[in-house]
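Enquirer: Have a look at the structure that comes next, please.
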Amino acid sequence: MKARNSDFVRGLPTGIERLAMFFFCGPDEAGASAAADRLAAALPNAGDRVELSGAELKRDPALLGDEARSTSLFGGKRHIHVRASGDEAHDALQVLIETSEAGAGAAAPVIVVATSATDKSRTAKLLEKRKDALVAMFYQPDLGTVASAVRAMADAAGLRLGGDLAERIARGAGLDVRLAQSEVTKLALYCDADPQSPKSATIEDHAAIGAATEEDGFAPLVNAVLGGELGRVSGEIRRMRELGLNPVGLALALERRTAQLAQIVAYIGPRGSFDRLDKGEQARLGIFFKEAREIRQQFDRWRQPAQRGTPETRLDRLIPRLTELHRTLLANSQAAELLLAQELAEMARFAAKR
């Protein structure tokens with residue numbers, strides 16, 4: 001079976017929780033991860049969550065089947081969540097399928113979130129025609145799509161939101177549905193709302209729980225790093241520490257902008273021009289007026305060859321590096337701020353090269 005992010009805007013596709021294998025891919029990693037979390041919550045008898053990385057499965061393809069057919073410490077159910085890059089999980093899923101068909105027994109549901117993969121990848125081709133599997137492609141969302149998702153989140157939390165406030169939350173979250181969900185949850189707590197006692201929320205309510213200014217967000221640091229503005233990076237890193245910005249949240253902001261740049265590069269083509277994009281095309285690519293100058297600068301820098309004489313671009317190297325950074329931050333929460341600062345400086349120096 002195949003699906004796309006529009007099928008997940010206001011919930012889950014009908015009957016999806018009865019399937020056994022799920023492959024969520026595409027440039028919108030945030031949307032794919034949010035859908036995976038909603039799916040896990042909807043699984044009948046989901047039990048314990050077992051997390052595996054694509055790198056682990058690539059080294060040991062049999063590990064997935066071993067974990068999927070094991071029970072939890074106290075004999076309960078479990079489901080497997082895999083964060084992979086590209087086709088790292090392909091061989092493991094193939095082994096799981098082959099052993100199941102050979103009579104190895106029932107396996108726990110497996111959810112794979114694969115960055116840098118598409119619905120044309122080997123893993124997608126392996127699963128898309130199976131009746132017990134789903135392949136879902138998550139494209140970079142537009143403002144209207146995320147605003148609609150925010151309204152759905154608010155309805156589930158017992159909040160009544162106007163369209164303007166839903167769009168404001170979507171913009172403030174950088175079109176990241178996970179951050180938007182966090183904002184809706186905070187707003188519901190502030191308004192003392194729940195599904196049994198719905199409450200209306202206003203822009204003033206949202207302002208009361210939000211940051212004092214936009215400068216408290218991730219955008220200035222993201223723009224300084226990806227724009228190769230070495231003179232600004234140290235000050236922005238210091239601001240990150242002073243404000244206590246979440247390292248993983250900042251890494252997600254970098255991933256979203258990188259995915260957006262990749263989408264722009266794919267749309268324009270190797271010989272196209274950013275300046276020839278009309279307003280409609282810019283809107284579809286998520287390029288807002290206030291960010292256009294920074295995005296153009298980053299586009300020019302990261303579309304350049306990584307080395308002379310090679311077709312590989314700087315962006316091709318950045319994507320897997322950000323994926324690895326995300327894993328490192330999750331695995332080293334105590335040192336996350338220091339590790340992130342070092343990586344940001346390296347990225348900025350790479351972007352600044354002529």
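The values are calculated or read from the model by the stated rules, or taken from the named source; none is laboratory data. What you see is a predicted model; the values in this text were computed from it and never measured. Methodologically, a virtual Cβ is constructed for each residue, glycine included, from the backbone with ideal geometry; neighbour enumeration extends over all protein chains shown. Accessible surface is based on the protein model in full, side chains and every heavy atom, while ligands, DNA and RNA are left aside. Shrake-Rupley method; radii C 1.70, N 1.55, O 1.52, S 1.80 Å.
Enquirer: Which pairs break 32 Å Cα to Cα here: Lys2/Lys290; Lys129/Lys186; Lys186/Lys290; Lys131/Lys199?
Expert: On the way: Lys2/Lys290 36 Å; Lys129/Lys186 41 Å; Lys186/Lys290 27 Å; Lys131/Lys199 42 Å.
As for pairs spanning more than 32 Å Cα to Cα, those are Lys2/Lys290; Lys129/Lys186; Lys131/Lys199.
Enquirer: State in Å² the accessible area per residue of the chain; use a 1.4 Å probe, count heavy atoms of protein chains only, and round to the nearest integer. Could you put the intermediate results ahead of the total?
Expert: On the way: 17610 Å² over 354 residues.
On a per-residue basis, 50 Å².
Enquirer: Positive end of the dipole of segment 122-182, charges at C-beta (+1 Lys, Arg; -1 Asp, Glu), about the Cα centre: which of Ala136, Ile169, Gln181 has its Cα farthest in that direction?
Expert: Towards the positive end, the residue furthest out is Ala136.
Enquirer: Dipole size in debye (nearest 20) for the chain around its Cα centre, Lys and Arg Cβ +1, Asp and Glu Cβ -1?
Expert: On the way: 48 positive and 48 negative charges, 182 e Å.
Charge dipole, the chain, about its Cα centre: 880 debye, nearest 20.
Enquirer: Now for a separate question. Using a 1.4 angstrom probe on the protein heavy atoms only, line up Cys191, Cys25 by accessible area, largest first.
Expert: On the way: Cys191 20, Cys25 0 Å².
So the residues, ranked largest to smallest area, are Cys191, Cys25.
Enquirer: Sticking with this one: Just reorder Ile97, Ile319 by solvent-accessible area, largest first, 1.4 Å probe, all chains present. Spell out each step's value before the answer.
Expert: Working: Ile97 15, Ile319 50 Å².
Order by accessible area, largest first: Ile319, Ile97.
Enquirer: When the chain is modelled as a GNM with alpha-carbon springs shorter than 10 Å, which of Gly144, Gly103, Gly269 fluctuates the most?
Expert: The residue that fluctuates most here is Gly103.
Enquirer: Once the Cβ-Cβ distance between Arg308 and Ser200 is put in as r, and R0 is 56 Å, what FRET efficiency do you end up with, to the nearest 0.05?
Expert: Values: r = 59 Å, r/R0 = 1.06.
That pair, Arg308 with Ser200, gives E of 0.40.
Enquirer: What does the highest-first list of 199-205, 131-137 look like by mean Cβ count within 10 Å?
Expert: Numbers: 199-205: 14.9, 131-137: 19.6.
Going by the mean number of other Cβ atoms within 10 Å, highest first, we get 131-137, 199-205.
Enquirer: Please give the solvent-accessible surface of Phe288 in Å², to the nearest 10, using a probe radius of 1.4 Å with every protein chain present.
Expert: That residue has around 60 Å² of solvent-accessible surface.
Enquirer: Would you work out which of Ala348, Leu93, Ala149 lies farthest towards the positive end of the dipole of the chain? Charges go on Cβ: Lys and Arg +1, Asp and Glu -1.
Expert: Most positive-ward Cα: Ala348.
Enquirer: In debye to the nearest 20, how big a dipole does segment 60-135 give about its Cα centre with +1 on each Lys and Arg Cβ and -1 on each Asp and Glu Cβ? It would help to have the intermediate numbers written out before the result.
Expert: On the way: 10 positive and 11 negative charges, 61 e Å.
So the dipole magnitude of segment 60-135 works out to roughly 300 debye.
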